[in-house]
Structure formats: C-alpha cells, structure tokens
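Derivation of every value follows stated rules applied to the coordinates shown; laboratory data play no part. Keep in mind that what you see is a predicted model, and the values were worked out from it rather than measured. Heads up, the Cβs are rebuilt from the backbone with ideal geometry, glycines too, and the neighbour counts pull from every protein chain shown.
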Amino acid sequence: MKILVTGGLGFIGSHTVVELQNEGFEVIIVDNLSNSSEKVLDGIENITGIKTEFEKLDLREKNAVTSFFDRHQDIKGVIHFAASKAVGESVENPLLYYENNINTLVYVLQELQKRDEANFIFSSSCTVYGQAEKMPITEDSAVQAAMSPYGNTKQIGEEIITEVAKVSPIKSIVLRYFNPIGAHPSAEIGELPLGIPQNLVPFITQTAIGLREQLSVYGNDYPTPDGTAIRDYIHVVDLAKAHVIALKRLLENKNLEKVETFNLGTGKGSSVLEVINAFEKVAQQKLNYKIVDRREGDITSAYANTDKANTVLGWKAESTLEDSLSSAWKWEQKIRS
Ligand code: NAD
Ligand code: WQD
C-alpha cells in the first residue's frame, strides 16, 4: 500500500518513513530540499534496506502538485510534514510562512478532494495551546491566539482540515506534537538544523561537541520549581510510530470522526535545567551554559495529557528523556566525525 510522505526528508518525516517501511508500507517522498538533503535517503536505506522512491517537488507549485497526484493514483494515504517551522523567521517573513504552510496544504487537499477516499495526517503543534491555563494539556484545552505567524499557520491549517472534512470524503488525523527531540538509535538519520539552532537540544549537542561556545538558558525566573521553563520532550522515534498507528486507524476506518485530534507527548514536563542535567549524565561531560534573560514569546510551561492518545489511538511514548538525549548525542557525534 503506497503512502505519500511530504517533507519526508526532514527530521520527523525521515523517522516516519523508516517506521512505515518497518510496517510494510510502500513510501513515496516528496520534498523540495529547502530544509533537508537527498543524503537522508541513504540513511533511511541503511536502516531499512529499502531505496525509497523520491520526487523533488515544491508543493507551492500548484500545477506540479496536480501533475504529481495525476501520476500517482495509487496513493492511499498522505502524511503531510512539509512546512517551514522557524518561529523567529516567521515573524520576519510572515508571507513565506503563509505561502509555504497554507498554500501547500490547500493544494494537497484539493487533489485529495477529487478522490473517492482519502486519508490525511497533519503535523500540528502544541503551540496552538499557547500558555494553557491547566497542566497537563488536554486536546479540549482552548486554542489561543497564535503568538507567531508560524503558530497561526498551524491553527489555520487545523481549521482548513475541519472545514474540508464537512464537504469531502477526506478523513484526517491532526497530531499536535509537543517538543520532538532525539534521533534514530542507529544514528543513520537525525535532526539537521541549518545555521544556529533555535531549539534547545540541538543547541546543547552542538555546544557539547564544540561547535557553539556556550548555551544560553533563557530565564530562571519562571514560576517553576527551578525557575526554568518546562516542556514535554518526546523522542522522534516514538513520534514517528504514532503516525503509523494513526494512518492504520484511518485505513481501517476505525476513526470515530472525520477529523480526530491527538496530543503527542510523553506526559512529563522537564525544565531546561533538568534537560541539561540529564544530558550531562548521558554524555558524561559538563556543559558550558549561562543563565540569560527570557526569550521573547516563550511560555512558562507546556506538557501533554496523553490519555486520549494512549486509550483511543493506542499509542504511548516509550523512551525516557535520557534515551532521547543519548540518541541526539550519538547523532551529533556521528555527523561531526
Ligand atoms: P523539517 O524542516 O526537518 O522537515 C520539513 C521538510 O519539508 C523538509 O525536508 C523541507 O525541505 C520540506 N519542505 C518544506 N517546504 C516544502 C515545500 N514547499 N515543498 C516540499 N517540501 C517542503 O521539519 P520537522 O521538524 O521534521 O517538522 C515536520 C512538521 O512537523 C512541520 O510541519 C512542522 O511544522 C511540524 N512540527 C515540528 C515540530 C518540531 O519541533 N520539529 C513541532 C511541532 C510541529
Ligand atoms: C525549549 C526550552 C527555551 C534554546 C519551539 C516552537 C514550537 C515547536 C517546538 C513547532 C524553552 C529553552 C531554548 C536555547 C534555552 N515547534 N531554550 N536556550 O520554544 O518550546 O518550541 O519548538 O511547532 O512551536 O516554538 O522549543 O527547543 O526552542 O525551547 O534556554 O538556546 O528551552 O526558552 O524554554 P519551544 P525550544
């Protein structure tokens, strides 16, 4: 059974391709290589032994998207990762984000709407909750005004999917990721941030390897036990597996609604200092860091209530924070060697 993975050469997409192939799915990847490289195909092949079908395609090109779907009538499901994801860049260049994250979604859905049956998985984010009032965050917590154009594209994306479901045969599962980290345990694939990493874990591993001098910890005056902000860090392989389970749910018509939404997190919050301590233990080295002012736009705390994913989807994160950090460290060492 053929599955299209858009953005399948990216961080979460590549790990999902591996899990799909492990479960016997045939995968075709489209990616415009704006934040990835064709070398990822070798990494995937080294793990699964499969040469994945790949087409270089920019999903912003509507005619090319139509032509792609015309040529691939046999696609039974789509996992749509392709998007731009840098929050700061989205503030600088909002139209790039609306074009890349909204137009591409619309073009893919327009093609799926032409079919009698379509199964669609969408990458959303815990960013839609903003600073939620209650922890842990359940799926029915209020979606709050977005703090960045990037965040807004995820909210608008969810709304588009919901509206389209009312008038088309498309069945969708919206997955709201908390903070994905780590790499495949083989260190054949992992996260490849362009330039200076904005996210905590790649900044930690790049500092430990000597690429960055010092990690800045953004604020220790938050109302949390150690004063640093709390997030729910989820291993990318656990996250990838959730996509396969969600896809099977749609393919087997087990979904209860046309659009279902699930939080994907571990359910456990970790502070920035806890992440640093866990990393120091795993890497057996001290990390050079200093406390600086808060980063604008950061929230105090976000971690998932995963009951719905556990019971309805039948998925649970298995890796510990140490497992995730250990795989991220192994990957960093491998790519710098
Ligand atoms: P990534 O940048 O590693 O992967 C995205 C891939 O999409 C890249 O390979 C990129 O080249 C490709 N792409 C971008 N625009 C494209 C276009 N117009 N046409 C074809 N390909 C295109 O990002 P990721 O971390 O793997 O994230 C995947 C998805 O998950 C994104 O939608 C992102 O917004 C969402 N998400 C990510 C996080 C996170 O922290 N990583 C958290 C929540 C949600
Ligand atoms: C985690 C914690 C920082 C870097 C972002 C997006 C969100 C989602 C995931 C896509 C925070 C602190 C970080 C550093 C630090 N992406 N930090 N020093 O901010 O939770 O979420 O990525 O949907 O939309 O906003 O993740 O990894 O940037 O930060 O102290 O150099 O680490 O302040 O508390 P965040 P992050």
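One table, with the values for the structure above:
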item	result
With Cα atoms, 0 to 90° folded angle of helix 272-283 axis to the chain main axis	90
Relative contact order of the chain, pairs being alpha-carbon contacts under 8 Å that are 6 or more residues apart, as %	20
Among M147, G210, L192 - extreme Cα towards positive end, dipole of the stretch 141-231, charges at beta-carbon	M147
Mean residue ellipticity (222 nm) of the chain, computed from DSSP H runs ≥ 4 via -39,500 (n - 2.57), nearest 500	-11500 deg cm²/dmol
Zone of L194's modelled label, taken as backbone nitrogen in the stretch 48-88 under 16 Å from a point 7 Å along Cα→Cβ	57-60, 82-88
Rounded to 10°, Cα long-axis angle of helix 321-336 versus longest principal axis of the chain	90
Placed amide H near I28: partners under 5 Å, 5+ positions off or other chain	I3, L4, V5
Rounded to 5, percent antiparallel among DSSP beta bridges of the chain	5
Euclidean distance between Cα centres, the stretch 49-128 to the stretch 192-217, Å	29
Cut-off under 5 Å, modelled amide H: who pairs with Y289 long-range	L215
Residue order, fewest to most surrounding Cβ atoms within 10 angstrom, among E158, E133	E133, E158
The chain: most fluctuating residue of K171, K258, K290 per GNM, C-alpha cutoff 10 Å	K290
Qualifying aspartates and glutamates (Cα of each under 13 Å from Cα of K114; at least 8 residues distant if same chain)	D70
Span from the the stretch 246-302 Cα centroid across to the the stretch 2-45 one, whole angstrom	22
Backbone HN-Hα couplings from phi across the stretch 309-316 [Karplus 6.51/-1.76/1.60, Hz, Gly and Pro as x]	5, 5, 8, 7, 7, x, 10, 9
Phi to ³J(HN,Hα) by Karplus 6.51 cos²θ - 1.76 cosθ + 1.60 over the stretch 121-138, Hz, x for Gly, Pro	10, 10, 7, 10, 8, 5, 4, 5, 7, x, 7, 5, 6, 10, 10, x, 8, 8
Pairs beyond 24 Å (Cα-Cα), from K62/K248; K171/K308; K85/K286; K62/K85; K76/K166; K134/K171	K62/K248; K85/K286; K134/K171
Cβ-based net charge around D70, under 11 Å, with every Lys or Arg adding one and every Asp or Glu removing one	+1
Note, ³J(HN,Hα) from phi for the stretch 198-206, Karplus 6.51, -1.76, 1.60, rounded to Hz, x at Gly and Pro	8, 8, 4, 5, x, 5, 4, 5, 5
Two-decimal Rg to Rh for the chain - Kirkwood Rh, Cα set	0.95
For the chain, with +1 on Lys and Arg beta carbons and -1 on Asp and Glu, the positive-most of T48, V27, T66 along the dipole	T48
